[in-house]
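Here is the structure we will look at.
Read-outs throughout are calculated quantities, based only on the coordinates presented, and are distinct from any laboratory measurement. This one's a predicted model, so the numbers in the text were calculated from it and none came from an experiment. Please note: Cβ atoms are built from the backbone with ideal geometry, for glycine as well, and neighbour counts cover all protein chains shown.
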Amino acid sequence: MARSWSPWRRRRGAEYREERVAAAPPPPRARPFWPWLLLLLLLVLGALGASWYFTNRDETVEAEKVPSVVGLQRAEADQRLEDRGFEVELKRVVSPKPAGTVVAQRPNPGTLYGKGGIVVLAVARDPLKTEVPDVSGLPVASALARLRAADLRPRAQEVPSREPKGIVLRQLPEAGTEVPKNSPAIVVVSSGPKLADVPQVVGMTLGAATSKLTQAGFRTRVARVPSTEPEGTVVAQNPRGGARALRGTVVRINVSMGQGGGTTTVVTTATTGSQTAVPDTVGEDEATAQATLEGAGFRVQVVDRPTTDPNQDGIVARQTPSGGSRAASGTTVTIFVGRLS
């Protein structure tokens, strides 16, 4: 019997037919960015490290262990530390140990420390002595108070100076020196700039003008200029006559070359100071002698002269030129000062 075709049966089979569809592949995962940042950071740090090394490799110093010097005398301790390449800074302290004995040190013994480093030593001092504090550059009132607090008897000596008035220029004995308590101490103090009236020299001859300016404490610079005034006559000056200026200031004077003069020529002349009596400073202490001589317009050179007499320590034993002689202002006076040997 022939089988008849039925459209219904075909549709039903189609309805139940399974279709297998392949799944789509997942999208690729994004690569992380942080490894690149880490690599960049490492490169930067490496470059900085190399730069620092090449910049500072010449400044690197060798390290050395700090030796123990506690209990040694100061001189021996200094030598031992200097032999290892260290510098020494002293701090004197009151201690029952004998004077000059190292009672403490910093850094501690055995510390690795760069050569050239400073090792601070606390050294026992004589209870009957005191250390002179540094007062240079202080106002005189503060300097005197600090010296009195150190059991010293200070006094001030004023000298002309370009420094502000009342500032300590130097001191005697020097800072850091150990001296018996109640010893005298001298501070040389600025009395401020010493002003003087500039003489009027316009109309004078060159010789008369330079002599007058020198006697007033000024130096001279000469400029020769064409002028209708007679040759050798001062026709202008700067600073002007009657102005106030520091002693030692250079005064420029224009001097006539006469009519028909050529190009201006400036010549600086080294003027010779006026003859002045040299103060006698033999027997004075060093600071007083310096102040006296400088106040009189002289330069001072100090030469140490060994002595075994404590009473002559720091005292002027001789000077040249001698006191009472006459010398040009600005001349160097040499004083020979006793030093305990």
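Data for the structure
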| item | result |
| --- | --- |
| Derived scalar couplings ³J(HN,Hα) [region 220-232; Karplus, 6.51 cos²θ - 1.76 cosθ + 1.60; whole Hz; x for Gly, Pro] | 10, 10, 9, 10, 8, 10, x, 6, 7, 6, x, 4, x |
| Region 149-241 - convex hull of alpha carbons, volume per residue in Å³ | 120 Å³ |
| Long-range amide H partners of ARG339 with built H, under 5 Å | ARG305, THR307, GLY314 |
| 3J(HN,Hα) from dihedral phi, region 72-83, Karplus parametrisation 6.51/-1.76/1.60, rounded to Hz, x for glycine, proline | 7, 6, 4, 4, 5, 5, 4, 4, 5, 6, 5, 5 |
| Long-range amide H partners of GLU158 with built H, under 5 Å | VAL189 |
| Region 149-185: GluC sites (Glu not before Pro) in DSSP loop, at most 16 other beta carbons within 10 Å | GLU174 |
| 3J(HN,Hα) from dihedral phi, region 107-117, Karplus parametrisation 6.51/-1.76/1.60, rounded to Hz, x for glycine, proline | x, 5, x, x, 5, 6, 9, x, 4, x, x |
| Set of lysines with alpha-carbon distance to LYS97 below 17 Å, sequence-local pairs under 8 removed | LYS129 |
| More than 21 Å apart - percent of Cα-Cα pairs taken over region 71-166 | 51 percent |
| Residues with amide H under 5 Å from that of GLY117, placed H, sequence gap 5 or more | GLU87 |
| Low-density loop positions, trypsin sites (Lys or Arg not before Pro), region 121-229 - DSSP coil, at most 12 other Cβ in 10 Å | ARG162 |
| Label point distance in nm, ALA149-ALA208, each placed 7 Å from Cα along Cα→Cβ | 6.0 nm |
